[in-house]
């Protein structure tokens, strides 16, 4: 699939910046002594300042609506459900497409829809074209769904096409790695107990949070999540979160730990919202929920 996502340049030249300041000083002399707080505000921030309670809550501050995409309307994937903030006054939102695992449908990932959308994202949980599709195919389908979401969907005007992410479970997690290998313009990736025969990912430059499960017997972390994490270049912002005592299917049910760190990762890298860095850095220690956490982004 052609790369349709392009990172916008957010850097202004020094000359242009100085000229802008000079023009402002001439036009608004009374504001010379005022600190430029508003100019420094991140335009992609959505929602109030986060707290530990807010990132662990089952719902965020945004009301959520849904729309269904039939498999007949979809091209290159199997249809799905779009969850989006109902607000039309907050500007556009970053978006994430989520793929299910081997033999599974979008229903296995449905809990992420309202949970993430209520935090200020457009979320698209998809069905794949075939339940036995392998990770490479699922990666292509994730990208096809991103294209549909930003170009053809009924909510396309609510989505910032320059701020997109992918997630997936099991083979969908392996597909997440495939998608960002092929398309580095994707802003963030979160493979959930991922499975893939390819164990090395030196091509990945997208910030990637890999979630493994300590007792995973389908995609054991020693032969999947850990080598995946280790093979991603250290120059890439990456993290490895291992769920204590969890099975391969932990991502299929509402999970506060997965939600907290997924929200924080998406906010940090899709929205450039450094207010969420506090939940990622310093790296969390082991706990009743986390058996291991490693990262290069702190």
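Each value in this text was obtained by applying a stated rule to the coordinates, not by laboratory testing. Owing to the predicted nature of the structure, the values given are computational and were not obtained by experimental measurement. With ideal geometry, Cβ positions are generated from the backbone for all residues, glycine too; neighbour counts draw on all protein chains shown.
Does anyone have the angle between helix 14-27 and the longest principal axis of the chain? Alpha-carbon axes, 0 to 90°, nearest 10? Approximately 50 degrees, to the nearest 10.
Taken over the alpha carbons of segment 214-298 as equal point scatterers, the Debye sum produces base-10 log I(q)/I(0) values at 0.14, 0.18, 0.22, 0.23 Å⁻¹ of -0.50, -0.84, -1.21, -1.29.
Taking the alpha carbon gyration tensor of segment 62-295, multiplying each eigenvalue by 5 and rooting it gives semi-axes of 25, 20, 16 Å, largest first. From its DSSP helices (H runs of at least four residues, each -39,500 (n - 2.57)), the chain gives a residue-normalised ellipticity at 222 nm of -7500 deg cm²/dmol.
By other beta-carbon atoms within 10 Å, ranking 242, 203, 45 with the fewest at the front produces 203, 45, 242. Taking the convex hull of the alpha carbon positions in segment 33-130 and averaging its projected area over all directions gives 8.3 nm². If I fit a long axis through the Cα atoms of helix 256-269 and take the longest principal axis of the Cα atoms of the chain, what angle between them do I get, 0 to 90°, rounded to 10? Roughly 40 degrees, rounded to the nearest 10. With contacts taken as Cα pairs under 8 Å at a separation of at least 6 residues, segment 61-210 carries a relative contact order of 23 percent. Of the residues 282, 194, 184, the one that moves most in a GNM of the chain with alpha-carbon contacts below 10 Å is 282.
Note on segment 92-151: Cα-only Rg and Dmax are 11.6, 35 Å.
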